[in-house]
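Computed from the coordinates by the stated procedures, all read-outs in this text should not be read as laboratory data. Note that the structure is predicted; figures quoted are calculated from it, not measured. Cβ: placed from backbone, ideal geometry, glycine included. Neighbour counts: every protein chain shown.
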Amino acid sequence: MALIKCDFYSDALGLSTSMHVILPQQTHNQIGMENVTGSGLHPTLYLLHGMSDDDSIWLRRTSIERYVASLGIAVVMPQVHRSFYTDMAEGGQYWTFISEELPKLARSFFPLSPKREDNFVAGLSMGGYGAFKLALRKPDQYAAAASLSGALDMAAHLSNDAPSALRQAELLRIFGPQFAGSENDLIHLLQESKHNPAPRPLLYQCCGTEDFLYEDNQTFRKACAETDFKLTYEEEPGEHEWGYWDMKIQNVLKWLPLSKRD
């Protein structure tokens, strides 16, 4: 595998930012690694970080490079700060960046496939929210999306009487005062999907039963059951921590609908 730290300028954000990228590399004598790469453009997993992290965190806290080596896929890990992958009410246009600009830039820099069946997105916590928002709002771009301990019911955290573990004032600066029923509300997007003939990405959702976002995940799971999305759901004892995510990202990689390639 090749690991690249890419610093670049974003027109959408109006600033310089960064991403880490793992690219398949065919090797024959690398000890302890089974590297696979097909011909042509690489299938791609966009792997999203949580609210307190950055584009290096999946590399620092898990063995993601080793986990994907035998799969022949690229992994793009972008930096979005504390934006919730949203065009912020007071801040940068991070939804425009992640949903439109980043894929185009990444494909211009690296040999990545633009085909829907070759593109996937996953993330933890805030990144789980971002992954499902991409799947629900851009279903023609992603074949599958995975949320690990995702913040999936943000309306509950923005409610005035909610005992939220997230910072309400900061969330208001991100989302503005009108969240419920907006294009940032995942539950609303699920409901709207019933009237939308767009393709349905496969969804994977997991959360530890001791996680402070467990109720978020139950709300999303129940809402998703009322749609025709195919959801794979897993839960077991676990908290909001990297031991759990390091374990579950391996399940996500096994679950991805990767097509056989030459």
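Annotations
- Inter-centroid distance (Cα atoms) of region 211-231 relative to region 1-73, Å: 29
- Net charge contributed by nearby residues that have their C-beta within less than 12 Å of R60 (K/R +1, D/E -1): -4
- Beta bridges per DSSP with both ends in region 3-137, % antiparallel, nearest 5: 60
- Ranking of C206, C224, C6 by count of other Cβ atoms within 10 Å, fewest first: C6, C224, C206
- Fewest-first ordering of W58, W242 by other beta carbons within 10 Å of each residue's beta carbon gives W242, W58.
- Here K138 is the anchor, and the aspartates and glutamates within straight C-alpha reach of less than 18 Å, apart from those fewer than 8 places off in the same chain, are D87, E100, E101, E117, D118, E183, D185, E192, D228.
- Antiparallel %, DSSP beta bridges [both residues in the chain], to 5: 35
- Ignoring lysines fewer than eight residues from K5 along the same chain, the ones with Cα atoms less than 21 angstrom from its Cα are K104.
- Environment charge at L231 (Cβ cut-off 13 Å; Lys +1, Arg +1, Asp -1, Glu -1): 0
- The Cβ shell under 11 Å around Y129 holds other residues with a net charge of -2, Lys and Arg each +1, Asp and Glu each -1.
- Panel order for Y214, Y46, Y85, by other beta carbons found within 10 Å of each beta carbon, from fewest to most: Y214, Y85, Y46.
- Calculated mean residue ellipticity, 222 nm, the chain: -8000 deg cm²/dmol, from DSSP H runs (n ≥ 4) at -39500 (n - 2.57) each, averaged per residue and rounded to 500.
- In order along region 80-92, the Karplus-derived 3J(HN,Hα) couplings, from 6.51 cos²θ - 1.76 cosθ + 1.60 at θ = phi - 60°, round to 10, 6, 9, 8, 6, 6, 9, 6, 5, 4, 10, x, x Hz, and Gly and Pro are given as x.
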